[in-house]
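The values are calculated or read from the model by the stated rules, or taken from the named source; none is laboratory data. Note that the structure is a prediction, hence the values are computed from the model and not measured. FYI the Cβ positions are ideal-geometry reconstructions off the backbone, even for glycines, and counts take in every protein chain you see.
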There are 2 protein chains.
Amino acid sequence: MADARTPPRTRSGGPDRPRGGGRAGAAARAAATPRRRASHSLEAVVSEAVALLDEAGESAMTFRALAARLGGGVGSIYWYVSSKDELVDLAADHVLGSVLAATEGRTDAEDPLEDVRATAVAFFDAVVVRPWLGARFLGTTEQQPNGMLYYERLGQQVMRLGMPPRQSFEAVSAVLGFVVGTAADLGRQPAAPTKDGVVPERDGDLGAALAQWRAMDRQEFPFVHFILDEFAAHDDGEQFRAGLDLLLAGIRLSADRFRA
Amino acid sequence: MADARTPPRTRSGGPDRPRGGGRAGAAARAAATPRRRASHSLEAVVSEAVALLDEAGESAMTFRALAARLGGGVGSIYWYVSSKDELVDLAADHVLGSVLAATEGRTDAEDPLEDVRATAVAFFDAVVVRPWLGARFLGTTEQQPNGMLYYERLGQQVMRLGMPPRQSFEAVSAVLGFVVGTAADLGRQPAAPTKDGVVPERDGDLGAALAQWRAMDRQEFPFVHFILDEFAAHDDGEQFRAGLDLLLAGIRLSADRFRA
DNA sequence: GTCAGCATAGAACGACGTTCGGTCCGATGT
DNA sequence: ACATCGGACCGAACGTCGTTCTATGCTGAC
């Protein structure tokens, strides 16, 4: 019933993770003699996975494509990772880690919510250019190491507002949900590759949606026509920040109620 | 270069959609004589797809499984739908349509934001029990017929607040992003089927996460421990509503600024 | 020099979405 | 009454995917 072969690597990451580099002499000899066997590392596998995902999207992230990039075989990847799902999770956490590192120490504004805003925007910016990230973070955020760190960082800023645990918990969860949700929502749009590398402000995509909106019945869809011009001229990033500010205003209101 | 075989059904839905029922005499004879050939309809295909998705999740929604349920062949489905992606989109829109129908006419509160709240909660409730829905709605919401209707309904309520187009657009987009994002986020959790139909408040899943949170370092994760009790006792629906209220409070603040 | 076991390789497997040539059967024309 | 036509349906076949399994190269310990 149980697995006949014990998997070499489990999700929880035992104490004996395969080491990354640390093979100086071997590398030098590898340059001279073309070896048949490639040498990998968890770091290399995850990095190449991230590169593949960023370059060509989730559908192109194939174990075969990844193995080809690593110069090895398909089976080798399973030495470091027990499934594709785990690999993409690791890739997502990898990216989140670099976002965290990039914004570290820059959260010292007088207004706690200003720090929350900065942290949220940094995350949004990272996800919006990586469609594969958004969908992956949904529901998984608080289960990965860097996800926990991100959650904690948001929470520490909110704690400074002095609200009880209940309201603090709700506020942080709301912000996280809004950020992840909106980022995943907006990150989906670059669908058409547009062969030549021009990519004119992704006008084709927005133009098609705009035409569809324009064609809607004026009587039945008054709101759509009311905001049509805004939709035509809107910028995803600005729109996200505007929505975030609405949410933060609500949180500030709640905090004031406890401070008074 | 172009497709050799012109697809019978395109995304835009031409004027000649396959009719649904309307085969009284044939159905009566079919009951008597066991026919080898089954008769489908777009309605039946989408309905069975929704049922399959609801019962066993996205991974179980296979064209082969669907064909078996319909009592037909795999290829037949392609007469009504040009790809699996389109089928799932249709299924999502189908569900959203029933949510819209169920809440129709019940948006007549004195406070416009109360109606927004009701509409948002109805959507959330539908998504949270359908993990496959959340991920599908991301980025697609405003491109499907019922998605547009939903967007419009939210917008009409927000219009009553009397804000300029810009702020109205931002408010509706923020609400939609929050709802879809949070719903998709929370809808992911029922992973363990727990054979017997007991489902003890999905304690197993929450318990595992709770244990992980408890094990975190107290110095490094003060916020996590600050809200640990809340996390242990929280209800997803309540948490969503609390976050939504924060966002709505911010919107009301913005609206008041224009009213004064 | 030998040997254990770690790390790698790639063929093989089953399941998937999709395609394609074909078949059935009710409607139509004469 | 019969021939014909074409919309609706069928399922074998194809290529690709994630994953598994067995074989084998490589390296440090003795």
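Checking the stated criteria, A:L100 turns out to be surrounded by 14 or more Cβ atoms within 10 Å (Cβ to Cβ), part of a helix (DSSP H, G or I), within 14 Å of chain B (Cβ to nearest Cβ) and away from DNA strand C (no atom under 16 Å from the Cβ). Flag: A:L66 matches the condition of being assigned to a helix (DSSP H, G or I), within 15 Å of DNA strand C (Cβ to nearest atom) and either under 20 Å from A:P131 (Cβ atoms) or touching a Gly at 6+ places or on another chain (Cβ under 6 Å) (or both).
Applying the criterion of being more than 7 Å from chain A (Cβ to nearest Cβ) and at pLDDT 95 or above to the residues of the range B:172-181, the residue that is surrounded by the fewest Cβ atoms within 10 Å (Cβ to Cβ) is B:V172.
Within the range A:74-83, the set of residues being near DNA strand D (Cβ under 8 Å from one of its atoms) and either of a type in the set (F, W, Y) or under 10 Å from A:H40 (Cβ atoms) (or both) comprises A:I77, A:Y78. When A:E110 is tested against (1) surrounded by fewer than 15 Cβ atoms within 10 Å (Cβ to Cβ); (2) in contact with a Phe, Trp or Tyr (Cβ under 9 Å, 6 or more places away or on another chain), just one condition goes unmet, and that condition is (2). Against the definition (more than 16 Å from DNA strand D (Cβ to nearest atom), closer than 17 Å to B:G181 by Cβ, at the interface with chain B (Cβ under 10 Å from one of its Cβ atoms) and in contact (Cβ under 8 Å) with a residue 24 or more places away in the chain), how does A:T119 come out, yes or no? No, not satisfied. Within the range A:50-61, does at least one residue satisfy the condition of being in contact (Cβ under 8 Å) with a residue 24 or more places away in the chain, more than 14 Å from DNA strand D (Cβ to nearest atom) and not aromatic (F, W, Y)? Scanning the range A:50-61 turns up at least one residue that is in contact (Cβ under 8 Å) with a residue 24 or more places away in the chain, more than 14 Å from DNA strand D (Cβ to nearest atom) and not aromatic (F, W, Y). Among residues of the range B:113-137 being under 21 Å from A:F223 (Cα atoms) and under 14 Å from the mean Cα position of the chain (by Cα), the one that is surrounded by the fewest Cβ atoms within 10 Å (Cβ to Cβ) is B:V121.
Could we say that A:A65 is farther than 14 Å from A:H40 by Cα, surrounded by fewer than 16 Cβ atoms within 10 Å (Cβ to Cβ) and near DNA strand D (Cβ under 7 Å from one of its atoms) here? Yes, satisfied. Within the range A:33-61, the residues that satisfy the criterion of being closer than 22 Å to A:W132 by Cα and within 12 Å of DNA strand C (Cβ to nearest atom) are A:L42, A:E43, A:A44, A:V45, A:S59. Taken across the range A:138-151, residues that are over 16 Å from the mean Cα position of the chain (by Cα), among the hydrophobic types (A, V, I, L, M, F, W, C) and in a helix (DSSP H, G or I) do not occur at all.
Scanning the range A:69-91 for residues that are assigned to a loop (DSSP other than H, G, I, E, B) and within 12 Å of DNA strand C (Cβ to nearest atom) turns up A:G71, A:G72, A:G73, A:V81.
The conditions of being closer than 26 Å to A:G243 by Cβ, at pLDDT below 95, more than 14 Å from chain B (Cβ to nearest Cβ) and more than 16 Å from DNA strand C (Cβ to nearest atom) are not met by A:T141.
What single numbered condition from (1) surrounded by 23 or more Cβ atoms within 10 Å (Cβ to Cβ); (2) at pLDDT 95 or above; (3) farther than 17 Å from B:Q212 by Cβ fails to hold for A:F169? So the condition that A:F169 fails would be (3).
The C-beta contact set for the range B:237-260 (first residue within 8 Å of another protein chain (Cβ to nearest Cβ), second residue surrounded by fewer than 16 Cβ atoms within 10 Å (Cβ to Cβ) and part of a helix (DSSP H, G or I), distance under 6 angstrom, 6+ apart or interchain) comprises B:A249/A:L253. Within the range A:214-235, is there a residue that is within 20 Å of A:A122 (Cα to Cα), more than 8 Å from chain B (Cβ to nearest Cβ) and either within 24 Å of the chain's Cα centre (by Cα) or not polar (S, T, N, Q) (or both)? Yes, some residue in the range A:214-235 is within 20 Å of A:A122 (Cα to Cα), more than 8 Å from chain B (Cβ to nearest Cβ) and either within 24 Å of the chain's Cα centre (by Cα) or not polar (S, T, N, Q) (or both). Among the criteria (1) at the interface with chain A (Cβ under 10 Å from one of its Cβ atoms); (2) modelled with pLDDT under 90, the one B:V199 does not fulfil is (1).
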